[in-house]
1. Please find, in a Gaussian network model of the chain (springs between Cα atoms separated by less than 10 Å), the residue of Tyr176, Tyr89, Tyr160 whose mean-square fluctuation is greatest.
2. Could you please state how large a percent of the accessible area of the chain is carbon and sulfur, counting protein chains only and using a 1.4 Å probe?
3. When ligands, DNA and RNA are left out and all protein chains stay put, how many square angstrom of accessible area per residue does the range 1-127 have with a 1.4 Å probe?
4. Of Lys119/Lys194; Lys155/Lys194; Lys24/Lys54; Lys56/Lys107, which sit over 21 Å apart, Cα to Cα?
5. When Lys and Arg each count +1 and Asp and Glu each count -1, what net charge do the other residues less than 12 Å away from Thr195, Cβ to Cβ, add up to?
6. In whole percent, what relative contact order does the chain give with Cα contacts below 8 Å and a gap of six or more residues?
7. Please give the contour-minus-distance gain from Arg126 to Lys56: 0.36 nm per residue of separation, less the Cα-Cα distance, rounded to one decimal in nm.
8. Provide the FRET efficiency to the nearest 0.05 for the His178-Lys43 pair, computing r from the beta carbons and using R0 = 45 Å.
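The values are calculated or read from the model by the stated rules, or taken from the named source; none is laboratory data. Predicted model only: the values in this text are computed from it and were never measured. Please note: Cβ atoms are built from the backbone with ideal geometry, for glycine as well, and neighbour counts cover all protein chains shown. The protein model used for the area step is the full one, side chains on, heavy atoms only, and it has no ligands, DNA or RNA in it. Shrake-Rupley method; radii C 1.70, N 1.55, O 1.52, S 1.80 Å.
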Amino acid sequence: RLVTKEMWEEHPEYFPLIRGERRKPGVPGQPWNPCMSNPDLPKLVDAYAERFFKAKPDELGLPMGVNDGGGDCQCDGCEALWRRHGNQYAAFYNMAAKRLAQSHPGKYLAFIAYSTRCKDVPRGIRMEPNILVEVTGMVTDMHGALRGWKDIGVKNFGVYEYLYSYDSNRMAPGYYPHDIAAYFRSLYREFGMKTLWQEYFAWAPVIDAGRQYV
């Protein structure tokens, strides 16, 4: 949403440099995320925020999650961010949050801590107070990850969990509503979650329908 595929012809530099070439959007099997060191990012953030909240004024925040599948930029500037912080997107999110606080006070800058270069708690940086981080279930310790973000200034949290196995060979019903409820309650008690997402696929509906219903 921040960088659209229609921008390619005029601004290929907005797109990721991967193995020495800019990746054109829309090519099957070639995921992409925007370059995070491009100097035009501030004006792109302002334009995106303006059109987003004009269309959806009641939204809690401005969604700024990475695209699925990787395709992170490998230009010198982005590689420097990756080495410095262990999270290629953290400095960008801080910049965007500062601009959003000026243009749309009271709104969150929301992103999902996801994929290889955006998943981990960043080093050497303190996050802005209007940021909302949604931590994903791909981390090994959800409580620990949320505490890590909290330690660097994050005050607003969400959780994005996966309620299915990563393969389709499971025969036993994956049905444990009391454990799931206790887990989410414990997260809420400690972090006061603002959002909760549960991704679910029924590989075998005759087995999983009960969990889907709950």
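1. So, out of Tyr176, Tyr89, Tyr160, the one fluctuating most is Tyr176.
2. Numbers: 6200 of 11750 Å².
Answer for the chain is 53 percent, counting heavy atoms of protein chains only.
3. Numbers: 6610 Å² over 127 residues.
Accessible area per residue, the range 1-127: 52 Å².
4. On the way: Lys119/Lys194 19 Å; Lys155/Lys194 10 Å; Lys24/Lys54 29 Å; Lys56/Lys107 12 Å.
Cα-Cα > 21 Å for Lys24/Lys54; rest within.
5. On the way: positive: Lys194; negative: Glu59, Glu134, Glu161.
Spelling it out: positives minus negatives among the neighbours equals -2.
6. It comes to 14 percent, rounded to a whole number.
7. On the way: separation 70, 0.36 × 70 = 25.20 nm, distance 2.90 nm.
That pair, Arg126 and Lys56, stretches by 22.3 nm at full extension.
8. Values: r = 50 Å, r/R0 = 1.11.
Efficiency, rounded to the nearest 0.05: 0.35.
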